[in-house]
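Here is the structure we will look at.
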Amino acid sequence: MEIKKDGDIEKVVLALDRVKKRYICSECGEVLTTYYDSHIQEVRHLHLWKYITILMFEKVRVKCPTCGVKIESLEFMDKYARLVV
């Protein structure tokens, strides 16, 4: 957890670590054990008292044998969401 100040706005940044090394194709739902590439994504979450909460995590693109390269499916957010509640 890290607290950052951006002008008058204070943010709590929570870095999430992946527990399981499995990835789900967002098109067909196939579970894969390898991925194509990844990047760090930040999404806004609920306010925590006076702080804006940001979730930071690794998001991957999978190379599904059926669908090709697709964004992974995550249980806690929609495919292209920038805000999670």
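The values are calculated or read from the model by the stated rules, or taken from the named source; none is laboratory data. Not measured: the values here are computed from a predicted model. Methodologically, a virtual Cβ is constructed for each residue, glycine included, from the backbone with ideal geometry; neighbour enumeration extends over all protein chains shown. Keep in mind that these areas ignore ligands, DNA and RNA; they rest on the heavy atoms of the full protein, side chains included. Shrake-Rupley method; radii C 1.70, N 1.55, O 1.52, S 1.80 Å.
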Query raised in the report: Quick one: is T34 among the polar types (S, T, N, Q) and part of a loop (DSSP other than H, G, I, E, B)?
Result: yes
Query raised in the report: Take the residues of the stretch 7-37 that are without any contact (Cβ under 8 Å) to a residue 12 or more places away in the chain and open to solvent by less than 90 Å² (accessible area, probe 1.4 Å): which is farthest from P65 (Cα to Cα)?
Result: G7
**Report entry** Among residues of the stretch 48-85, those that are surrounded by fewer than 16 Cβ atoms within 10 Å (Cβ to Cβ), modelled with pLDDT under 80 and not in a loop (DSSP other than H, G, I, E, B), counted
**Finding:** 2
Query raised in the report: Out of (1) among the basic types (K, R); (2) open to solvent by 90 Å² or more (accessible area, probe 1.4 Å); (3) part of a strand (DSSP E or B); (4) at pLDDT below 90, what's the single condition that is false for K4?
Result: (2)
Query raised in the report: Of all residues in the stretch 23-55, how many are in contact with a Lys or Arg (Cβ under 7 Å, 6 or more places away or on another chain), within 22 Å of I9 (Cα to Cα) and among the aliphatic types (A, V, I, L, M)?
Result: 3
